[in-house]
Amino acid sequence: MRFLTPIYHPNIDNAGRICLDALKLPPKGAWRPSLNISTVLTSIQLLMAEPNPDDPLMADISAEFKYNKALYLEKAKKWTSEHAAQNKVRSRL
């Protein structure tokens with residue numbers, strides 16, 4: 001599982017891979033066959049809302065999140081605007 005849209009987040013790398021225990025196989029991860037898609041998606045949603053800077057895929061973004069949260073939020077907002085927000089011009093087509 002990975003994101004196709006670029007996301008500025010300490011636990012998501014440039015390839016869209018997600019650092020989340022529920023997506024990793026044991027012994028390092030917590031994935032098990034009994035996990036359903038709803039549980040996995042809820043876990044990803046929680047990670048998006050509350051990054052884990054102590055287990056990052058992107059060390060530079062993690063440091064920014066920890067030590068300069070205002071800059072982190074500014075960059076995350078910019079990335080969202082550039083990569084994920086619907087363009088008003090496109091919406092008219």
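The values are calculated or read from the model by the stated rules, or taken from the named source; none is laboratory data. Just so it is clear, the model here is predicted, and its values are computed rather than measured. Cβ coordinates were reconstructed from backbone atoms using ideal geometry, including for glycine residues, and neighbour counts include every protein chain displayed. Note: accessible area is taken over every heavy atom of the protein model, side chains too, but ligands, DNA and RNA are not part of it. Shrake-Rupley method; radii C 1.70, N 1.55, O 1.52, S 1.80 Å.
Of W31, W79, which has the most accessible area and how do the rest follow, probe 1.4 Å? List each step's numbers first, then the result.
On the way: W31 100, W79 70 Å².
Ranking W31, W79 by accessible area, largest first, yields W31, W79.
Can you tell which of I44, I18, I61 shows the greatest fluctuation in a Gaussian network model of the chain with Cα springs below 10 Å?
I44
Comparing N11, N36, N68, which has the greatest mean-square fluctuation in the GNM of the chain with Cα pairs linked when under 10 Å apart?
Comparing N11, N36, N68 in a Gaussian network model of the chain, the most mobile one is N36.
Assuming 0.692 mPa s and 37 °C, estimate D for the chain with Stokes-Einstein, Rh taken as the Kirkwood radius over Cα pairs, in µm²/s. Walk me through the intermediate numbers first.
Details: Rh = 14.5 Å.
D, rounded to a whole number, is 227 µm²/s.
Net charge around Y8, counting only other residues with Cβ within less than 12 Å of its Cβ (Lys, Arg = +1; Asp, Glu = -1)? Mind showing how you got there, number by number?
Details: positive: K75, K77, K78; negative: D13, D60, E64, E74, E82.
Once positives and negatives cancel, what remains is -2.
Loop-only check: which trypsin sites (Lys or Arg not before Pro) in segment 7-93 are DSSP coil with at most 13 other Cβ within 10 angstrom?
Values: sites: R17, K24, K28, K66, K69, K75, K77, K78, K88, R90, R92; in loops: K24, K28, R92.
Answer by residue number: K24, K28, R92.
Non-local amide H neighbours of R17 (under 5 Å, H modeled in plane, Pro and chain starts lacking H): which ones?
F3
Under 8 Å for C-alpha pairs, at least 6 residues apart: give me the relative contact order for the chain, rounded to a whole percent. Intermediate values should be presented prior to the final figure.
Details: 105 pairs, mean separation 29.8, N = 93.
Relative contact order comes out at 32 percent.
If I build a Gaussian network model for the chain, linking alpha-carbon pairs within less than 10 angstrom, which residue out of S62, S81, S38 has the largest mean-square fluctuation?
Evaluated over the chain, the most mobile residue of the options is S38.
Among residues other than P53 whose Cβ falls under 13 Å from its Cβ, what is the net charge (Lys/Arg +1, Asp/Glu -1)?
Details: positive: K66, K69; negative: E50, D54, D55, D60, E64.
Summing Lys/Arg as +1 and Asp/Glu as -1 gives -3.
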